[in-house]
Amino acid sequence: MAPRKRLSSTEPSSPTKESTERKPEEKFNIIESPIAPPKWCLLLKLSLFSLPYLYLIFYHYNIEPELQRSIIINAAMSLAGLFITVKMIPVASRYVLKRHLFGFDINKKGTPQGVVKVPESLGIVVGIVFLVVAILFQYFNFTADSNWLVEYNAALACICFMTLLGFVDDVLDVPWRVKLLLPSIAALPLLMAYAGHTTIVIPKPLVPHIGIEILDLGWIYKLYMGLLAVFCTNSINIHAGLNGLEVGQTAVISSAILIHNIMQIGASTDPEYKQAHAFSIYLVQPLLATSLALLSYNWYPSTVFVGDTYTYFAGMTMAVVGILGHFSETLLIFFLPQVLNFLLSLPQLSGYVPCPRHRLPRFDPQTGLLTGTSDGTLVNFFLRNLGRKSEKTLCIYLLAFQAIACVFCFMLRYFLAGWYK
């Protein structure tokens with residue numbers, strides 16, 4: 001959830017309420033200005049991180065030319081999607097502002113930037129461009145009798161459904177108990193179309209005690225898939241509150257997923273296993289490219305808000321690739337900061353501890369620094385333990401922690417390989 005306060009002219013409000021809302025901003029006039037241009041320098045710096053990925057594809061692993069060709073075509077289409085998204089965001093911003101779908105940045109309250117109307121729900125642009133790229137890619141890779149085509153389209157249906165429900169949430173601002181149900185509804189196409197295995201491999205240290213190496217979970221496995229989709233979508237949504245944090249964590253996890261998939265393809269000789277990880281790449285590359293385009297506007301100081309549309313869309317996409325790529329355990333370790341944030345949030349989300357509308361740190365307009373509150377979020381936890389930080393610095397710390405969690409996952413897989421499974 002973005003650090004915003006909504007103020008729509010279509011919503012009636014009493015004089016008392018309006019006076020309360022405007023009081024901190026009374027010395028500034030509300031400003032509606034065109035959004036700033038994209039931060040191309042940021043994108044150029046981030047593009048350097050693609051070099052290890054390209055090295056793995058072209059040099060380190062001996063990947064079949066046909067599979068390599070499909071990955072490159074998908075990457076080229078994703079790059080085109082990046083530029084289209086960059087061009088479409090300013091256009092979409094004008095339309096959402098006309099419909100009074102905007103907010104104010106709470107973490108800049110009391111400063112001139114705190115009274116600027118920031119367009120919301122720009123994740124809808126990312127979702128649309130992503131879906132167009134993913135649908136068009138079918139022409140280059142899948143045939144009419146492809147075994148993966150049904151699950152690929154089911155995955156796109158889930159992502160499209162979740163993007164729509166996320167936009168509905170942005171417009172209607174539905175309560176939390178309803179938010180928890182939305183991913184369950186959106187995951188139905190995938191659960192109904194899923195024809196893969198429902199078995200799990202028992203860890204080797206437990207085989208002597210259990211007596212079997214493979215366990216068929218049946219419908220329990222599909223229940224697990226649905227719960228994974230619910231967790232991924234909502235965990236991205238609640239680990240938020242800073243400019244660039246929602247999109248940044250998605251970019252870091254997506255990069256880790258891509259590297260993991262290439263490593264698995266390069267190390268395997270099973271064609272079906274390779275295709276499962278290639279399937280994941282075909283969806284994550286456009287996700288990463290379009291997300292970086294949005295990050296160029298959402299990075300501090302943000303000129304657009306991503307909205308619940310983006311957090312739901314990104315979470316569902318990563319859940320889908322983890323399920324169909326058969327690496328859900330690895331995905332959960334990539335989501336380690338989100339898991340910690342969920343555990344910290346659990347007392348408030350369960351109602352055991354009072355939960356405010358915005359669980360954000362306190363902003364000091366005199367110093368421009370954030371101070372941690374007692375709310376149970378990873379953002380506040382970092383501030384309480386590391387001291388006051390600027391919003392940009394804090395976001396960089398959190399994204400660095402996300403990257404460390406991904407590196408930890410790779411190390412864990414390396415040391416446990418051959419012993420755990």
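The values are calculated or read from the model by the stated rules, or taken from the named source; none is laboratory data. For clarity, every value in this text was computed on a predicted model and none was experimentally measured. Please note: Cβ atoms are built from the backbone with ideal geometry, for glycine as well, and neighbour counts cover all protein chains shown. The protein model used for the area step is the full one, side chains on, heavy atoms only, and it has no ligands, DNA or RNA in it. Shrake-Rupley method; radii C 1.70, N 1.55, O 1.52, S 1.80 Å.
Observations
- Verdict on residue 140 being open to solvent by 30 Å² or more (accessible area, probe 1.4 Å), in contact with a helix residue (DSSP H, G or I) (Cβ under 9 Å, 6 or more places away or on another chain), under 27 Å from residue 272 (Cβ atoms) and outside any strand (DSSP E or B): yes
- Selected residue (criterion: most open to solvent (accessible area, probe 1.4 Å)) from residues of segment 87-110 that are modelled with pLDDT under 95 and either within 19 Å of the chain's Cα centre (by Cα) or among the aromatic types (Phe, Trp, Tyr) (or both): 95
- The C-beta contact set for segment 246-273 (first residue more than 22 Å from residue 298 (Cα to Cα), second residue modelled with pLDDT under 95 and of a type in the set (D, E, K, R), distance under 7 angstrom, 6+ apart or interchain) comprises 265/274; 268/274.
- A search for C-beta distances below 6 Å between a residue of segment 396-409 that is in contact (Cβ under 8 Å) with a residue 12 or more places away in the chain and any residue that is open to solvent by 50 Å² or more (accessible area, probe 1.4 Å) and assigned to a helix (DSSP H, G or I), counting only pairs 6+ apart in sequence or on different chains, returns 405/336.
- Verdict on residue 196 being more than 17 Å from the chain's Cα centre (by Cα), modelled with pLDDT under 80 and open to solvent by less than 40 Å² (accessible area, probe 1.4 Å): yes
- For segment 111-127, filtering for residues that are in a loop (DSSP other than H, G, I, E, B) and open to solvent by 20 Å² or more (accessible area, probe 1.4 Å) leaves 2.
For (1) hydroxyl-bearing (Ser, Thr, Tyr); (2) over 30 Å from residue 390 (Cα atoms); (3) out of contact with any Cys (no Cβ under 9 Å at 6 or more places or on another chain), each residue gets a yes or a no:
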residue: 260; (1), (2), (3): no, yes, no
residue: 271; (1), (2), (3): no, yes, yes
residue: 294; (1), (2), (3): no, no, yes
residue: 302; (1), (2), (3): yes, no, yes
residue: 306; (1), (2), (3): no, no, yes
residue: 317; (1), (2), (3): yes, yes, no
residue: 341; (1), (2), (3): no, no, yes
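- Where residue 304 falls short, out of the listed (1) more than 24 Å from residue 50 (Cα to Cα); (2) surrounded by fewer than 24 Cβ atoms within 10 Å (Cβ to Cβ); (3) touching a residue at least 40 places away in the same chain (Cβ under 8 Å): (2)
- Residues in segment 143-163 that are of a type in the set (D, E, K, R) and either surrounded by fewer than 16 Cβ atoms within 10 Å (Cβ to Cβ) or not in a helix (DSSP H, G or I) (or both): 145 alone.
- Among the residues making up segment 342-383, those that are within 24 Å of residue 332 (Cβ to Cβ), of a type in the set (A, V, I, L, M) and exposed (fewer than 14 other Cβ atoms within 10 Å of the Cβ) are 343, 346.
Let's see how each residue does on (1) touching a residue at least 24 places away in the same chain (Cβ under 8 Å); (2) farther than 21 Å from residue 254 by Cα:
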site: 58; (1), (2): no, no
site: 76; (1), (2): no, no
site: 86; (1), (2): yes, no
site: 108; (1), (2): yes, yes
site: 111; (1), (2): yes, yes
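- If the condition is being touching a residue at least 24 places away in the same chain (Cβ under 8 Å) and in a helix (DSSP H, G or I), then segment 60-74 contributes 60, 67, 70, 71, 73, 74.
- For beta carbons closer than 8 Å, sequence separation of 6+ or different chains, a first residue in segment 201-213 that is without any contact (Cβ under 8 Å) to a residue 24 or more places away in the chain and a second that is β-branched (Val, Ile, Thr) and part of a helix (DSSP H, G or I), the qualifying pairs are 202/210; 213/207.
- Identity of the residue in segment 199-227, within 30 Å of residue 167 (Cα to Cα) and in contact with a Leu (Cβ under 8 Å, 6 or more places away or on another chain), that ends up surrounded by the most Cβ atoms within 10 Å (Cβ to Cβ): 225
- When residue 205 is tested against the conditions (1) in a helix (DSSP H, G or I); (2) within 25 Å of residue 237 (Cα to Cα), the lone failure is (2).
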